[in-house]
Amino acid sequence: QGPAVILGGDFNATPTSRIYKLLTCVPGEPSEALATVFGGGVNPASFFQFGSSYLCRRSEEAAAPSEPAFTHVTENFTNTLDYIFHTGSVRCSGILEMPQTTEEVLRGETGLPTAFFSSDHIPLLSFFDFPSTTSP
(Lines give C-alpha, C1' and ligand atoms only; values in the text may rest on other atoms or scores of the structure.)
Protein backbone atom coordinates (compact mmCIF):
# COMPACT_ATOMS: atom_id res chain seq x y z
CA GLN A 1 0.00 0.00 0.00
CA GLY A 2 2.95 2.35 0.26
CA PRO A 3 3.97 4.67 3.07
CA ALA A 4 1.46 6.41 5.30
CA VAL A 5 1.71 10.13 4.55
CA ILE A 6 -0.33 13.06 5.88
CA LEU A 7 0.20 16.46 4.32
CA GLY A 8 -1.73 19.46 5.60
CA GLY A 9 -1.63 23.20 5.60
CA ASP A 10 -2.39 26.45 3.85
CA PHE A 11 -1.65 25.68 0.21
CA ASN A 12 -2.86 29.07 -1.10
CA ALA A 13 -4.55 27.03 -3.81
CA THR A 14 -8.25 26.60 -4.57
CA PRO A 15 -9.79 23.21 -5.42
CA THR A 16 -9.61 24.14 -9.13
CA SER A 17 -5.89 24.99 -9.01
CA ARG A 18 -3.12 23.00 -10.67
CA ILE A 19 -1.43 22.09 -7.39
CA TYR A 20 -4.70 20.67 -5.96
CA LYS A 21 -5.22 18.64 -9.13
CA LEU A 22 -1.61 17.48 -9.02
CA LEU A 23 -1.87 16.21 -5.43
CA THR A 24 -5.25 14.53 -5.86
CA CYS A 25 -4.86 12.99 -9.32
CA VAL A 26 -5.04 9.26 -9.81
CA PRO A 27 -1.68 7.86 -11.01
CA GLY A 28 -1.81 6.71 -14.60
CA GLU A 29 -4.69 8.97 -15.61
CA PRO A 30 -3.91 11.81 -18.01
CA SER A 31 -4.02 15.17 -16.28
CA GLU A 32 -3.84 18.62 -17.82
CA ALA A 33 -2.28 19.85 -14.58
CA LEU A 34 0.54 17.32 -14.79
CA ALA A 35 1.19 17.96 -18.46
CA THR A 36 1.38 21.70 -17.80
CA VAL A 37 3.51 21.51 -14.65
CA PHE A 38 5.90 18.72 -15.66
CA GLY A 39 5.83 18.89 -19.44
CA GLY A 40 5.68 15.11 -19.73
CA GLY A 41 8.55 14.58 -17.25
CA VAL A 42 8.56 12.64 -13.99
CA ASN A 43 5.21 12.75 -12.22
CA PRO A 44 5.73 12.93 -8.44
CA ALA A 45 2.05 12.09 -7.97
CA SER A 46 2.85 8.61 -9.29
CA PHE A 47 4.69 7.98 -5.99
CA PHE A 48 1.78 9.09 -3.81
CA GLN A 49 -1.91 9.23 -4.48
CA PHE A 50 -3.40 11.72 -2.04
CA GLY A 51 -7.00 11.99 -0.96
CA SER A 52 -8.45 14.98 0.87
CA SER A 53 -9.74 14.08 4.32
CA TYR A 54 -12.70 16.48 4.04
CA LEU A 55 -13.61 15.31 0.58
CA CYS A 56 -13.28 11.62 1.55
CA ARG A 57 -15.39 11.96 4.71
CA ARG A 58 -18.04 14.02 2.95
CA SER A 59 -18.26 11.47 0.13
CA GLU A 60 -19.27 8.88 2.73
CA GLU A 61 -21.92 11.19 4.18
CA ALA A 62 -23.28 13.25 1.28
CA ALA A 63 -24.56 12.69 -2.22
CA ALA A 64 -22.37 15.50 -3.60
CA PRO A 65 -19.04 15.50 -1.74
CA SER A 66 -16.98 18.66 -1.74
CA GLU A 67 -14.25 20.49 0.07
CA PRO A 68 -15.48 23.03 2.65
CA ALA A 69 -17.16 26.02 0.99
CA PHE A 70 -14.43 28.25 2.37
CA THR A 71 -11.53 28.29 4.80
CA HIS A 72 -10.45 31.87 4.12
CA VAL A 73 -12.62 35.00 3.89
CA THR A 74 -11.61 38.58 3.15
CA GLU A 75 -13.52 41.52 1.72
CA ASN A 76 -12.50 40.53 -1.80
CA PHE A 77 -11.88 36.78 -1.64
CA THR A 78 -13.71 33.75 -0.28
CA ASN A 79 -12.60 30.20 -1.03
CA THR A 80 -10.93 27.06 0.30
CA LEU A 81 -7.14 27.30 0.58
CA ASP A 82 -6.46 24.81 3.38
CA TYR A 83 -6.43 21.03 3.14
CA ILE A 84 -5.44 17.86 4.92
CA PHE A 85 -4.30 15.28 2.38
CA HIS A 86 -3.45 11.64 3.07
CA THR A 87 -2.30 8.61 1.17
CA GLY A 88 -4.58 5.64 0.60
CA SER A 89 -2.83 3.56 3.25
CA VAL A 90 -4.21 5.97 5.89
CA ARG A 91 -7.97 6.02 6.48
CA CYS A 92 -9.69 9.23 7.53
CA SER A 93 -12.03 8.24 10.36
CA GLY A 94 -13.45 11.67 11.15
CA ILE A 95 -13.28 15.41 10.63
CA LEU A 96 -14.06 18.54 12.59
CA GLU A 97 -17.30 19.78 11.08
CA MET A 98 -17.15 23.26 9.64
CA PRO A 99 -18.81 25.96 11.76
CA GLN A 100 -22.30 27.12 10.85
CA THR A 101 -20.98 30.63 10.26
CA THR A 102 -21.90 31.93 6.84
CA GLU A 103 -19.75 33.80 4.40
CA GLU A 104 -22.07 36.80 4.69
CA VAL A 105 -21.56 37.00 8.47
CA LEU A 106 -17.80 36.85 8.09
CA ARG A 107 -17.77 39.41 5.31
CA GLY A 108 -19.89 41.67 7.51
CA GLU A 109 -17.03 41.55 10.00
CA THR A 110 -14.59 42.39 7.14
CA GLY A 111 -13.54 38.77 6.87
CA LEU A 112 -11.18 36.73 9.03
CA PRO A 113 -9.86 36.97 11.72
CA THR A 114 -12.81 37.80 13.97
CA ALA A 115 -13.47 37.70 17.71
CA PHE A 116 -14.55 34.06 17.28
CA PHE A 117 -11.92 32.97 14.71
CA SER A 118 -8.51 34.20 15.85
CA SER A 119 -6.78 33.20 12.60
CA ASP A 120 -7.26 34.38 9.04
CA HIS A 121 -8.13 30.75 8.20
CA ILE A 122 -10.83 28.47 9.61
CA PRO A 123 -9.14 25.48 11.31
CA LEU A 124 -9.35 21.97 9.91
CA LEU A 125 -8.96 18.79 11.95
CA SER A 126 -8.95 15.17 10.83
CA PHE A 127 -8.75 11.87 12.67
CA PHE A 128 -6.90 8.99 11.04
CA ASP A 129 -6.59 5.23 11.34
CA PHE A 130 -3.17 3.93 10.40
CA PRO A 131 -2.51 0.54 8.86
CA SER A 132 -1.32 -2.07 11.32
CA THR A 133 2.21 -3.27 10.92
CA THR A 134 3.64 -6.61 11.76
CA SER A 135 7.12 -7.20 13.12
CA PRO A 136 9.36 -9.59 11.15
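How do Cys92, Cys56 stack up against each other in accessible area, from largest to smallest, with a 1.4 angstrom probe?
Ranking Cys92, Cys56 by accessible area, largest first, yields Cys56, Cys92.
For Glu103 and Phe130, FRET efficiency with R0 = 41 Å and r from the beta-carbon atoms, rounded to 0.05?
0.70
The values are calculated or read from the model by the stated rules, or taken from the named source; none is laboratory data. On a predicted model such as this, the values are computed, not experimentally measured, just so you know. Glycine also receives a Cβ, built like all others from the backbone with ideal geometry; neighbour counts cover every protein chain displayed. What goes into the accessible areas is simple: the full protein's heavy atoms, side chains included, and nothing from ligands, DNA or RNA. Shrake-Rupley method; radii C 1.70, N 1.55, O 1.52, S 1.80 Å.
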